[in-house]
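> Below is the structure I would like to discuss, written out as structure tokens.
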Amino acid sequence: MDLQALIFDVDGTLADTERDGHRPAFNSAFREFGLAWEWDADLYAKLLKVTGGKERIRYFVDHFLTGYSKPADFDTLVGELHKAKTRHYVGMLDRGAIPLRPGVKRLLEEARKQGLRLAIATTTTPDNVIALLRNALAADAESWFEIIAAGDIVPAKKPAPDIYSWTLEKLGLDPRQCLAFEDSYNGIRASLGAAIPTVITVNAYTANDDFSGALAVLDGLGEPRQVFNPIHGNSYGKSCVDMELLRRWHGETTKPA
């Protein structure tokens, strides 16, 4: 089957949002609500094993705040904290504080020129996605993507494959006609759970994750003067990920067993 579409995760994949955006935004929300909670980098690396911002707050309280007595309106508090966190995060995006990872814009532009369909499959909220695209990519970047599957559009978040299955249904494509781009263990479990061949670009939080089954594992997409480091997979002599390399990797998935 020919390659028809590229499906991207957002946080950690399109941009290094966890380190540069989400963690500081959570901490700003906690301070706004007068809570003496502070998520440092080491703690946040543990919390990232849980997908979804509200779910992450609940996990933190249940597993790291021994002796904390939940208020009667705890669920409401979690929701308000997450809204405040999103507001702080979008404010950072509006100030241009969170750039795309190297090679992302170049690859998206090349894919569009060659007629590839683009989609997003993420657990982050739609507001976060749109703000990132508009501020870090282009004012009309939302229109670049045929499908933006985000937030609570499906009940089960990654590592469940639901968000990818929903995206495939909306695209009307077989998973073998697509490539997914992820950065984490939960992400690749979701994409492979939907049978989509997957390329991984790791970040500081996910470098030691288990990426069994990935087509390739890299430290980024690379640029002509900022080459990627191949961790797993055949890079065929390439120094940055382009459509030619993606088609070669995709071709590996269609070879007879």
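> Please enumerate the residues belonging to region 30-51 that are in a helix (DSSP H, G or I) and over 28 Å from ARG189 (Cβ atoms).
Taking region 30-51 first, the residues in a helix (DSSP H, G or I) are 30-32, 41-47.
Within region 30-51, PHE30, ARG31, GLU32 meet the criteria.
> Sticking with this one: Which residues, taken from region 86-102, are part of a loop (DSSP other than H, G, I, E, B), in contact (Cβ under 8 Å) with a residue 60 or more places away in the chain and either at positive phi or among the hydrophobic types (A, V, I, L, M, F, W, C) (or both)? Reasoning before the result, please.
First, pick out the residues of region 86-102 that are part of a loop (DSSP other than H, G, I, E, B): 95-99, 101-102.
Next, only the ones that are in contact (Cβ under 8 Å) with a residue 60 or more places away in the chain stay: 97-99, 101-102.
ALA97, ILE98, listed by residue number.
> Can you give me the ranges of the strands (runs of 3 or more DSSP E) entirely in region 136-204 with at least 1 residues that are in contact (Cβ under 8 Å) with a residue 12 or more places away in the chain and more than 16 Å from the chain's Cα centre (by Cα)? If you could, list the steps in order and put the result at the bottom.
Working: elements: 147-149, 178-182, 198-201.
Where strands (runs of 3 or more DSSP E) fall fully within region 136-204 and carry at least 1 residues being in contact (Cβ under 8 Å) with a residue 12 or more places away in the chain and more than 16 Å from the chain's Cα centre (by Cα), they are 178-182.
> Name the residue, out of LYS54, LYS105, LYS83, that is in a helix (DSSP H, G or I) and in the same structural domain as ALA136 (by TED's automatic domain parsing).
LYS105
> Okay, moving on. Picking from PHE74, PHE60, PHE33, PHE26, which residue would you name as being modelled with pLDDT of 95 or more, under 18 Å from the mean Cα position of the chain (by Cα) and of a type outside the set (Ser, Thr, Tyr)? It would help to see each step written out before you state the result.
Working: PHE74 fails: under 18 Å from the mean Cα position of the chain (by Cα); PHE60 fails: under 18 Å from the mean Cα position of the chain (by Cα); PHE33 fails: under 18 Å from the mean Cα position of the chain (by Cα).
Going through PHE74, PHE60, PHE33, PHE26 in turn, just one is modelled with pLDDT of 95 or more, under 18 Å from the mean Cα position of the chain (by Cα) and of a type outside the set (Ser, Thr, Tyr): PHE26.
> Could you tell me which residue of region 221-257 is farthest from the chain's Cα centre (by Cα), considering only residues that are in a loop (DSSP other than H, G, I, E, B) and within 16 Å of LEU6 (Cα to Cα)?
Pass one, region 221-257, residues in a loop (DSSP other than H, G, I, E, B): 221-222, 224-225, 227-229, 233-242, 253-257.
In the following step, the residues that additionally are within 16 Å of LEU6 (Cα to Cα) were identified as 221, 241-242, 253.
Numbers: LEU221: 14, VAL241: 18, ASP242: 19, THR253: 23 Å.
Among residues in region 221-257 that are in a loop (DSSP other than H, G, I, E, B) and within 16 Å of LEU6 (Cα to Cα), the one farthest from the chain's Cα centre (by Cα) is THR253.
> OK, next. Take GLU55 and tell me if it is over 15 Å from the mean Cα position of the chain (by Cα) and either closer than 26 Å to ILE153 by Cβ or buried (at least 20 other Cβ atoms within 10 Å of the Cβ) (or both). Break it down stepwise before answering.
Details: over 15 Å from the mean Cα position of the chain (by Cα): yes; either closer than 26 Å to ILE153 by Cβ or buried (at least 20 other Cβ atoms within 10 Å of the Cβ) (or both): yes.
It is true that GLU55 is over 15 Å from the mean Cα position of the chain (by Cα) and either closer than 26 Å to ILE153 by Cβ or buried (at least 20 other Cβ atoms within 10 Å of the Cβ) (or both).
> Please go through region 205-220 and give me each residue that is touching a residue at least 24 places away in the same chain (Cβ under 8 Å), assigned to a loop (DSSP other than H, G, I, E, B) and of a type in the set (A, V, I, L, M, F, W, C), ordered by number.
PHE211, ALA214, LEU215
> Would you please list the contacts, defined by Cβ atoms under 8 Å and residues six or more apart or on different chains, that run from a residue in region 72-85 that is under 12 Å from GLY53 (Cα atoms) and in contact (Cβ under 8 Å) with a residue 40 or more places away in the chain to a residue that is surrounded by fewer than 18 Cβ atoms within 10 Å (Cβ to Cβ) and hydroxyl-bearing (Ser, Thr, Tyr)?
ALA84/SER28; LYS85/SER28
The values are calculated or read from the model by the stated rules, or taken from the named source; none is laboratory data. Only a predicted model underlies this, so the values are computations on that prediction, with no experimental measurement involved. All Cβ positions, glycine included, derive from the backbone under ideal geometry; neighbour counts span all protein chains shown.
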